[in-house]
Amino acid sequence: MSKTFAFVGNLNRSAPPGQGKGISVFQFDSQTGDLSLASEFLAIDNPGYLAIDERRKRLYAAVEIPAWNENLAAAFDIDPSTGALSFINMQPTLGNTTCHLGFDQTGGVIFASNYTVAELGTRPGNAVAAFAIRADGGLDPAFAVAIHEGPDAVLPTTKRQHGHCAVPSPDNRSVFVCDLGLDRIIAYNVPGQGDRLTLAATPYTQFPDGAGPRHMTFHPNGKQAYVINELNCTVSVLDYNPETAQLTIVQTLPALPDGFSETNTCAEIAVSSDGRFLYGSNRGHNSIVTYAISETGRIRLIGWTPSQGIGPRNFAIDPSGKFMLVANQKGGGIAIFKRDIDTGSLEDTGKRVDLDAPMRIVFGTFN
């Protein structure tokens, strides 16, 4: 009988309003939406972002500590019967404030994105690094890197780099790095293990000044991508040309209601597995915004659901599609919502998991 687990990365260093507990593992009941604590892995600092390889039963965590000039990526085995984690190894990410990990489509390479709050010119200073994954699931040292600022920048710029995610294209030809500081998505050819990162035929997509492209996801059809812009609080639809790696912005809609004037930053974005609905998170308005996706990939605003906490940094739809878990980083822990598969709407179940600083939730189902 299969078991589904929810793995949660929590800040445990300087994480007001309290101290998190590393990586929390919960068994998930897909009938009720209940979470029951199965295990914890405490011997890791600030595991902010998690990425899971379900097929190989492995979990990867980004160690995100802005005070360090260089952060780390850690690898774990997953016990499929209990969800417990077993440490394999870790590697330096060759950059500062590692905030995202993303696999290529083969699962043999993982990309780390570094937000960079270190002083300009502080080494190693890379915005993105690529790691080969060993046969045992461990990480080899980074084999390819790229810098987005200063004299060694892959493209000229006078702005500070803030790499926030690296997402491979569905065909695995390109990897797109959202750089919030540059207001660009930079496109690289997906490197073979041991190759360098080289710019794709269309090297970047420029966003409006101050947009802050943060996270990106592709539609299941592989023809459109969706980007949530952290700073101007919008969501953009982009058409994707696999031959040239060109991303063309074709639509941008607000992520906030008209008239909302308080401070807000956007965070996570996700498409439902059936490709019919798009969701984003607002930190300040403290809500999940929902859009309907048309057959052309364009979006239509449906509305907002309160996140039932403060600072919803991340959320995840469970494998059945019937529930959404929202990680409220700044207060409120994890809120559990029932999701209507036909309408995309979210309904608060009233169920909560008390965690001090949840940053990222990923699901894994194992037989």
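The values are calculated or read from the model by the stated rules, or taken from the named source; none is laboratory data. Bear in mind that the values here come from a model prediction, so they are computed numbers and not experimental data. Cβ placement follows ideal geometry from the backbone for every residue including glycine, while neighbour counts extend to all protein chains displayed. We work out accessible area using only protein heavy atoms, side chains counted, and drop any ligands, DNA or RNA first. Shrake-Rupley method; radii C 1.70, N 1.55, O 1.52, S 1.80 Å.
Observations
Here is a yes/no grid of residues against (1) small (Gly, Ala, Ser); (2) under 18 Å from residue 166 (Cα atoms):
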site: 51; (1), (2): yes, yes
site: 68; (1), (2): no, no
site: 73; (1), (2): yes, yes
site: 76; (1), (2): no, no
site: 103; (1), (2): no, yes
site: 109; (1), (2): no, yes
site: 127; (1), (2): yes, yes
site: 143; (1), (2): no, yes
site: 147; (1), (2): no, yes
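- Some residue of region 19-34 being more than 26 Å from residue 331 (Cα to Cα) and open to solvent by 30 Å² or more (accessible area, probe 1.4 Å): yes
- Of the residues making up region 51-75, those that are out of contact with any Pro (no Cβ under 7 Å at 6 or more places or on another chain), open to solvent by 60 Å² or more (accessible area, probe 1.4 Å), within 26 Å of residue 120 (Cα to Cα) and not polar (S, T, N, Q) are 66, 67, 68.
Residue-wise test of (1) modelled with pLDDT under 95; (2) in contact with a strand residue (DSSP E or B) (Cβ under 7 Å, 6 or more places away or on another chain); (3) under 26 Å from residue 317 (Cα atoms); (4) not aromatic (Phe, Trp, Tyr).
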residue: 202; (1), (2), (3), (4): no, yes, no, yes
residue: 212; (1), (2), (3), (4): no, yes, yes, yes
residue: 217; (1), (2), (3), (4): no, yes, yes, yes
residue: 226; (1), (2), (3), (4): no, yes, yes, no
residue: 237; (1), (2), (3), (4): no, yes, yes, yes
residue: 245; (1), (2), (3), (4): no, yes, no, yes
residue: 248; (1), (2), (3), (4): no, yes, no, yes
residue: 251; (1), (2), (3), (4): no, yes, yes, yes
residue: 256; (1), (2), (3), (4): no, yes, yes, yes
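- Listed here are the strands (runs of 3 or more DSSP E) enclosed by region 199-291 that have at least 3 residues being open to solvent by 40 Å² or more (accessible area, probe 1.4 Å): 246-254.
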